[in-house]
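A short write-up of the structure that comes next.
The values are calculated or read from the model by the stated rules, or taken from the named source; none is laboratory data. Because the structure is a prediction, the values reported are computed rather than measured. Methodologically, a virtual Cβ is constructed for each residue, glycine included, from the backbone with ideal geometry; neighbour enumeration extends over all protein chains shown. What goes into the accessible areas is simple: the full protein's heavy atoms, side chains included, and nothing from ligands, DNA or RNA. Shrake-Rupley method; radii C 1.70, N 1.55, O 1.52, S 1.80 Å.
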2 protein chains.
Amino acid sequence: VEIVLFSPYDVGVMKEQNCLQFESVFIVGVGLIGGSVAAALKERGYPGAITGFGRNIDRLKKCQSVGLIDEFSTDAAILEKPDSLIIFCTPIDHITNFFQSSKVNFDKTSIITDAGSTKNSICKAAQKYLPEEMTFIGSHPIAGSEKQGFEHALSDLFQNRLCVITPDEKTDETAITSLKEFWEFLGSEVAILSPSEHDFRLAQTSHLPHLIASALAETLSPDNAQYTSTGFRDTTRISKGDPSVWIPILLDNSEAILENLAQFDSVLKKFSKAIENQDSEALKKLLEQAKTKRSHLK
Amino acid sequence: VEIVLFSPYDVGVMKEQNCLQFESVFIVGVGLIGGSVAAALKERGYPGAITGFGRNIDRLKKCQSVGLIDEFSTDAAILEKPDSLIIFCTPIDHITNFFQSSKVNFDKTSIITDAGSTKNSICKAAQKYLPEEMTFIGSHPIAGSEKQGFEHALSDLFQNRLCVITPDEKTDETAITSLKEFWEFLGSEVAILSPSEHDFRLAQTSHLPHLIASALAETLSPDNAQYTSTGFRDTTRISKGDPSVWIPILLDNSEAILENLAQFDSVLKKFSKAIENQDSEALKKLLEQAKTKRSHLK
């Protein structure tokens with residue numbers, strides 16, 4: 001297991017954290033993200049039980065054998081324990097399906113969240129299908145990898161990254177604080193957005209790039225592969241992401257993505273027009289603007 | 001100077017290399033690429049003189065003071081020494097301008113090459129403006145960085161990378177072998193293509209990605225910057241490249257680039273149509289094809 005350990009977390013500080021109010025953490029879907037949540041909790045000395053829930057018992061066993069989770073089950077009734085944080089780390093369509101179809105009697109002292117890349121449909125499904133007394137708050141840790149499986153989990157995946165949480169006007173303030181402290185415990189900064197605003201912004205910063213990178217990779221003719229350099233490879237890296245994770249994201253947030261794609265398209269047309277017209281001044285302006293914007297990012 | 005040194009090159013082996021037939025190496029433009037050529041030569045124990053030629057005497061002095069070059073001059077007459085390899089590492093428009101306007105009496109025992117990202121116009125300018133007895137062979141080491149300046153030179157920049165050289169039917173075989181061995185001495189594999197074939201293939205693998213990455217960076221609205229992750233950043237990394245390097249490349253190879261852009265565009269339309277139609281099967285096929293193509297690259 002490639003778990004990268006970083007400087008030991010100060011347990012004295014850790015014990016002050018409200019994160020510890022959760023007596024146990026349930027991770028639904030222990031893949032790269034779920035595994036990284038577990039690794040980060042372990043690394044930072046979380047003293048409660050970390051339980052994996054999923055469908056594949058062999059994978060869950062392996063996950064336990066490498067020490068990422070303490071317990072596991074394929075029976076959803078395990079999620080009924082009180083005072084727990086239950087975090088869904090499956091592809092987003094599985095989350096909404098689970099809310100719609102499961103007969104789990106969640107305990108109302110628990111908080112349910114997720115780590116999905118869109119928030120609108122998940123928050124709506126939670127509102128519609130979960131019992132009214134249950135607290136659900138969407139989360140999106142803006143961190144990830146094109147790799148798949150808990151074998152690639154990283155205990156510092158959330159370290160210094162932003163995590164957006166999406167409560168609504170009715171969400172209990174104490175629950176918001178608890179969830180915020182949970183992500184802070186894992187090393188993240190937390191921002192609060194409405195589900196729709198989250199989805200619109202992430203369409204541009206995450207979903208559009210996935211589309212572009214995939215289209216560029218697909219444009220490559222195989223006999224040109226040997227002429228690619230680090231430039232092509234970095235520009236297309238994220239196209240190696242798992243299609244079963246990305247299909248529901250792209251379809252779920254289609255409206256915002258298509259709107260951002262149209263914007264991208266009109267920018268790209270400016271570039272191609274400048275090239276067609278051999279207009280070095282226009283091209284210079286475009287390249288310099290792009291360089292400036294990109295250079296402001298880390 | 002951030003020169004990354006790697007395991008010392010076996011000088012016994014090195015002395016067998018024909019590369020040493022060049023009594024001196026002249027680097028025209030000692031930036032990231034030129035500086036990396038110098039660093040690689042030094043690292044591998046090249047015993048001849050490495051001379052920098054350029055316009056900015058202060059930069060050349062600094063370059064000498066950090067040990068990358070042995071000598072320097074801002075007078076082109078220095079390039080007239082016999083038995084030399086003269087390598088142009090400036091932006092491509094400077095190379096063609098130099099061939100057209102310089103009055104240098106190159107020695108016919110020397111070989112002239114370059115490290116530019118397009119080859120057609122440079123090879124044509126060499127043929128048109130250099131004396132007939134001079135040997136010019138275009139080179140394109142497919143390696144680079146979005147960084148600028150010899151301060152970012154890397155002695156292993158060419159290590160395990162492909163370098164395309166573009167001789168024509170009239171080029172002397174011995175000269176081709178010498179140039180090939182020069183790049184192999186720096187750690188590269190060498191491939192031979194015609195200038196036009198080079199330009200067409202690189203339009204897809206290098207120039208198109210630069211355009212796409214720049215357009216994506218330019219699409220970002222500044223208040224979304226905080227919601228970008230490693231995905232956005234990797235996909236747009238190359239847009240940090242120097243516009244003065246990229247403008248002449250994009251304008252010079254415009255025809256092939258626009259043809260490849262049209263191809264990219266039609267692939268992207270397939271993605272957007274699948275999203276618009278909520279067609280998960282079509283989207284799955286596209287994402288899987290892209291993932292497979294990308295996964296075949298390193």
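Rounded, prolate or oblate: which fits region A:50-199, taking a ≥ b ≥ c as square roots of the Cα gyration tensor eigenvalues, rounded meaning a/c under 1.5, else prolate when a/b beats b/c?
oblate
For region B:133-199, with equal point scatterers placed on the C-alpha atoms only and solvent neglected, what are the log10 I(q)/I(0) values from the Debye formula at q = 0.27 1/Å, to two decimals?
-1.17
For A:LYS291, go through the lysines and keep the ones whose alpha-carbon is under 22 Å away, minus same-chain ones fewer than eight residues off.
A:LYS269, A:LYS270, A:LYS273, B:LYS147, B:LYS240
Using only Cα atoms, what Kirkwood radius does chain B have, in angstroms?
20.7 Å
Only bridges with both residues in chain B count here: give the DSSP antiparallel percent, nearest 5.
Here the antiparallel bridges make up roughly 15 percent for chain B.
If one computes P(r) from the Cα atoms of region B:174-298, what percent of pairs lie at distances over 21 Å?
Distances greater than 21 Å cover 59 percent of the Cα pairs.
Provide the FRET efficiency to the nearest 0.05 for the B:GLU197-B:GLU133 pair, computing r from the beta carbons and using R0 = 45 Å.
For R0 = 45 Å, the calculated efficiency reads 0.95.
Can you give the direction-averaged projected area of the convex hull of the alpha-carbon atoms in region B:176-215, in nm²?
Averaged projected hull area, Cα only: 3.6 nm².
Please give the per residue volume of the convex hull enclosing the alpha carbon atoms of region B:185-236, rounded to a whole number of Å³.
Roughly 112 Å³ of hull volume per residue.
Under a 5 Å amide H to amide H cut-off, with H placed in plane at 1.01 Å, what residues pair with A:PHE88 once short-range neighbours are removed?
A:VAL28, A:THR113, A:ASP114, A:ALA115
For region A:16-121, just run the numbers: alpha carbon Rg, then divide by 2.2 N^0.38 Å, N being how many residues it has.
Values: Rg = 13.0 Å, N = 106, 2.2 N^0.38 = 12.9 Å.
Cα-based Rg divided by the globular estimate yields 1.01.
Return the Rg/Rh value of region B:237-288, two decimal places, where both radii are evaluated on C-alpha atoms and Rh is the Kirkwood radius.
Values: Rg = 15.7 Å, Rh = 13.2 Å.
Reported Rg/Rh (Cα atoms, Kirkwood Rh): 1.19.
What are the ³J(HN,Hα) values, in whole Hz, obtained from phi via the Karplus relation 6.51 cos²θ - 1.76 cosθ + 1.60 with θ = phi - 60°, for each residue of region A:101-112 in sequence order, with x given for Gly and Pro?
10, 7, 10, 5, 8, 4, 7, 6, 7, 8, 10, 10
For the protein assembly as shown, compute the orientation-averaged projected area of the C-alpha convex hull (one quarter of its surface), in nm².
With the hull built on Cα positions only, its mean projection is 29.0 nm².
Let me check something: with ligands and nucleic acids excluded, how do A:LYS273, B:LYS240 order by accessible area (1.4 Å probe), largest to smallest?
A:LYS273, B:LYS240
Under a straight-distance cross-link criterion of Cα-Cα below 19 Å, which aspartates and glutamates are reachable from B:LYS61, leaving out those fewer than 8 residues away in the same chain?
The qualifying aspartates and glutamates are B:GLU2, B:ASP70, B:GLU71, B:ASP75, B:GLU151.
Which shape class, rounded, prolate or oblate, goes with region A:61-123 when its Cα gyration tensor gives a ≥ b ≥ c as root eigenvalues, a/c under 1.5 marks rounded, and past that a/b bigger than b/c marks prolate?
On the way: a/c = 1.79, a/b = 1.29, b/c = 1.38.
Oblate is the answer for region A:61-123, as a/c is 1.5 or above yet b/c matches or exceeds a/b.
Roughly how large is the A-B contact in terms of buried accessible area, totalled over both chains, probe 1.4 Å, nearest 100 Å²? Let's see the in-between values first.
Details: alone 16320 and 16350 Å², together 25080 Å².
Chain pair A/B: roughly 7600 Å² of buried accessible area.
For B:CYS163, list long-range residues whose amide hydrogen, built 1.01 Å from N in the peptide plane, is under 5 Å from its own amide hydrogen.
HN-HN under 5 Å from B:CYS163: B:ILE142, B:GLU189, B:VAL190, B:ALA191.
Given only helices, namely DSSP H runs of n ≥ 4 each adding -39500 (n - 2.57), what is the per-residue ellipticity at 222 nm of chain A, to the nearest 500 deg cm²/dmol?
Calculated from helices alone, the mean residue ellipticity at 222 nm is -14000 deg cm²/dmol.
Which loop trypsin sites (Lys or Arg not before Pro) in region B:99-181, with loop taken from DSSP, have no more than 11 other Cβ atoms within 10 angstrom of their Cβ?
Listed in order of number, the matching sites are B:LYS103, B:LYS170.
Using the alpha-carbon atoms, what tilt in degrees (0 to 90, nearest 10) does helix B:254-276 show relative to the longest principal axis of chain B?
20 degrees
Just report the Cα centroid separation between region A:178-256 and region B:260-298, whole Å.
14 Å
Could you tell me the ratio Rg/Rh of region A:39-94? Both radii from Cα atoms, Rh via Kirkwood.
With Rg and the Kirkwood Rh in hand, the quotient comes to 0.95.
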